[in-house]
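S.K.: Shown below is the structure under consideration.
Just so it is clear, none of the values below were taken in a lab; they were calculated from the coordinates. On a predicted model such as this, the values are computed, not experimentally measured, just so you know. No Cβ is skipped: glycine too gets one built from the backbone with ideal geometry, and neighbour counts run over all protein chains shown.
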Amino acid sequence: MNKKNLFISLVLIMLTVLAAPGAAKEQLTLASTTSTLDSGLFDALIPPFEKKFDCQVKVIAVGTGQAIRLARDGNADVLLVHDRSSEDKFVADGFGVQRLDVMHNDFILVGPKEDPASIKGMKGIEAFKKLATSPALFVSRGDDSGTHKKELRLWEEAGGKPSGNSYLESGSGMEATLRIANEKKAYCLVDRATWLAHQKEIDALNLLVQGDEKLFNPYSVIAVSPAKYPSVNHKLATAFADFIRGPEGQKIIREFGVDKFGSPLFFPDVEK
């Protein structure tokens with residue numbers, strides 16, 4: 001091979017190397033609730049994890065019920081959800097390795113500033129009893145999410161729920177449901193994180209009921225079982241669970257929202 005041909009060959013080799021895509025990063029599929037996404041928590045929590053483990057996290061933010069169904073079908077590696085009974089069943093049925101506490105906040109009842117049902121300052125069940133017989137509109141997520149499941153349990157304890165034109169199911173996530181309630185000046189059950197993150201845009205509603213133990217809202221992380229689905233990325237799922245329950249992740253959770261809202265949107269349950 002003459003020098004000219006050798007030079008051309010070397011240039012072609014170099015161009016091929018430069019054009020070759022970099023090694024694909026390991027991916028983790030996280031099925032989670034809309035509240036963790038809508039509140040902005042994932043924007044603070046996921047990038048440090050991706051950097052630490054040189055990976056990419058794909059977030060599927062849906063209601064808890066749909067997130068668990070995705071994991072049951074083997075379409076997620078790990079869950080971050082908030083409906084204890086569904087979580088326990090998921091693990092008991094062999095789809096999850098272990099339910100692990102991560103954090104909590106609480107639900108609140110918001111409604112029109114005029115408060116036509118007169119529920120301000122009531123306990124949760126008392127407020128739901130009044131709303132059940134009030135002609136005032138209540139907007140429900142109606143999407144089998146953790147929030148929707150909580151709402152249905154509260155109606156059950158209250159002895160009934162609104163009917164007819166007094167009850168509207170949005171079939172949407174928390175932020176969208178809150179905006180519909182605001183537009184219609186209706187009552188709504190919402191997690192505190194979503195409320196705090198968007199309250200400046202919600203001009204027709206006030207926070208009316210809070211601080212009741214019945215409105216407690218715990219979140220957990222569950223790695224999908226590799227025995228059930230060998231293709232899941234169990235190693236990275238376990239690393240994610242350890243990260244968000246470890247000192248770094250718990251610190252991020254504890255501090256998230258303090259600078260903007262004056263208080264955390266979530267409270268860590270492992271590292272106090």
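S.K.: Please list 3J(HN,Hα) in residue order for the stretch 178-188, calculated via the Karplus relation 6.51 cos²θ - 1.76 cosθ + 1.60 where θ = phi - 60°; whole Hz, with x for glycine and proline.
M.R.: Using θ = phi - 60°, the values come out as 4, 5, 5, 4, 5, 4, 9, 6, 10, 7, 7 Hz.
S.K.: How far is it, in nm, from the label point at K200 to the one at D43 when both lie 7 Å from their Cα along the line to the Cβ?
M.R.: It is 1.1 nm.
S.K.: Can you work out ³J(HN,Hα) from phi for every residue in the stretch 119-133, in order, using Karplus 6.51 cos²θ - 1.76 cosθ + 1.60 and θ = phi - 60°, giving whole Hz and x for Gly and Pro?
M.R.: Working through the residues one at a time gives 10, 4, x, 6, 6, x, 5, 4, 5, 5, 4, 5, 5, 4, 10 Hz.
S.K.: Here is a follow-up. Rounded to the nearest 20 debye, what is the charge dipole size of the stretch 106-215 about its Cα centre when +1 sits on each Lys and Arg Cβ and -1 on each Asp and Glu Cβ?
M.R.: Here the size comes out at about 200 debye.
S.K.: On to the next question. Taking θ as phi - 60°, what are the ³J(HN,Hα) couplings along the stretch 161-171 by the Karplus curve (6.51, -1.76, 1.60), each to the nearest whole Hz, with x for Gly and Pro?
M.R.: Karplus values, whole Hz, x for Gly and Pro: 9, x, 10, x, 6, 8, 9, 10, 9, 7, x.
S.K.: Any idea what angle helix 3-19 forms with the longest principal axis of the chain, computed on alpha-carbon atoms, 0 to 90 degrees, nearest 10?
M.R.: Long axis of 3-19 versus the principal axis of the chain: about 10 degrees.
S.K.: How are the Cα pair distances of the chain distributed, in percent, across 5 Å bins from 0?
M.R.: Result, from short to long distances: 1, 6, 12, 15, 16, 13, 10, 8, 6, 3, 2, 2, 2, 1, 1, 1, 1, 0, 0 percent.
S.K.: I would also like to ask the following. If packing is taken as the average number of other Cβ atoms within 10 Å across a peptide's residues, how do 37-48, 256-267 rank, most packed first?
M.R.: Descending packing order for the listed peptides: 37-48, 256-267.
S.K.: Right, something else. Along the charge dipole of the chain, pointing to its positive end and built from +1/-1 on Cβ of Lys, Arg, Asp and Glu, which listed residue (I46, H198, L215) has its Cα farthest out?
M.R.: Farthest towards the positive pole: I46.
S.K.: Among V78, L189, P268, flag the residue with its Cα farthest along the positive direction of the charge dipole of the chain, charges on Cβ as +1 for Lys/Arg and -1 for Asp/Glu.
M.R.: With unit charges placed on the Cβ atoms, the residue in question is V78.
S.K.: Helix 146-158 sits at what angle to the longest principal axis of the chain, using alpha carbons and giving 0 to 90 degrees rounded to 10?
M.R.: 20 degrees
S.K.: Counting only residues 5 or more places away or on other chains, whose amide H sits under 5 Å from the amide H of M122 once H atoms are built in the peptide plane?
M.R.: Amide H neighbours of M122, under 5 Å, 5+ apart: none.
S.K.: Measure off 7 Å from each Cα along the Cα-to-Cβ vector at K228 and E26, then give the distance between these two points in nanometres to one decimal.
M.R.: 2.2 nm
S.K.: If you place +1 on the Cβ of every Lys and Arg, -1 on the Cβ of every Asp and Glu, and leave all else neutral, what size is the dipole of the chain about its Cα centre, to the nearest 20 Debye?
M.R.: 500 debye
S.K.: Continuing with the same structure: For the stretch 106-215, what does the alpha-carbon gyration tensor say about shape, rounded, prolate or oblate, given a ≥ b ≥ c as the root eigenvalues, a/c under 1.5 as rounded, and a/b over b/c as prolate?
M.R.: rounded
S.K.: From the square roots a ≥ b ≥ c of the eigenvalues of the alpha-carbon gyration tensor of the stretch 131-192, which class results: rounded (a/c under 1.5), prolate (a/b over b/c), or oblate?
M.R.: Judged from the Cα gyration tensor, the stretch 131-192 comes out oblate (a/c at least 1.5, b/c at or above a/b).
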